[in-house]
Amino acid sequence: MSDIVTITEAAAFQIKDMMKENEEEHAYLRVGVKGGGCSGLSYGMGFEHDMSDEDEILNQHDLTILIKKEDAPILKGTKIDYKQSMMGGGFTIENPNAIANCGCGSSFRTAQNTGTPEEC
């Protein structure tokens, strides 16, 4: 079975760096989806210390990644990268299931899930 989410080496390096800065070296990385944003769904990433039976568990680049089973179909095939530019750096998320994205790039919807769109 292929991974639901793929984290590039650059993104993993940045995440580990953030974990160290925030004294979260022993935390898991939670990747998820929630309702909101102008297109209906928003991505979320954060550190978490507990996993549950509702989680899919992935291991990449010495990171343990948690994804709620209900979010897995929405995120299947998603690639998380980190890009550095003259203006700074940031995470990029490429989701093949997204059929519409908003201008800010952090909100999307899929054919099966329109989420809960909000005003921009």
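GLY40 satisfies every condition listed in (1) crowded, with 19+ Cβ neighbours inside 10 Å; (2) within 14 Å of TYR82 (Cβ to Cβ) except (2). Kindly evaluate GLU25 against the criterion of being at pLDDT below 95, loosely packed, with under 12 Cβ neighbours inside 10 Å and touching a helix residue (DSSP H, G or I) at 6+ places or on another chain (Cβ under 6 Å). So GLU25 passes the test.
Among the residues of segment 66-115, those that are in contact with a Gly (Cβ under 7 Å, 6 or more places away or on another chain), modelled with pLDDT of 65 or more and outside any loop (DSSP other than H, G, I, E, B) comprise ILE67, LYS68, TYR82, LYS83. Only residues that are crowded, with 17+ Cβ neighbours inside 10 Å, within 11 Å of ALA11 (Cα to Cα) and either over 13 Å from the mean Cα position of the chain (by Cα) or not aromatic (Phe, Trp, Tyr) (or both): list them for segment 82-101, please. If the condition is that a residue be crowded, with 17+ Cβ neighbours inside 10 Å, within 11 Å of ALA11 (Cα to Cα) and either over 13 Å from the mean Cα position of the chain (by Cα) or not aromatic (Phe, Trp, Tyr) (or both), then ILE93 is the only one that fits.
The values are calculated or read from the model by the stated rules, or taken from the named source; none is laboratory data. Note that the coordinates shown come from a computational prediction; the quantities given were computed from them, not determined experimentally. Here the Cβ is made from the backbone with ideal geometry for all residues, glycine too, and neighbour counts use every protein chain on show.
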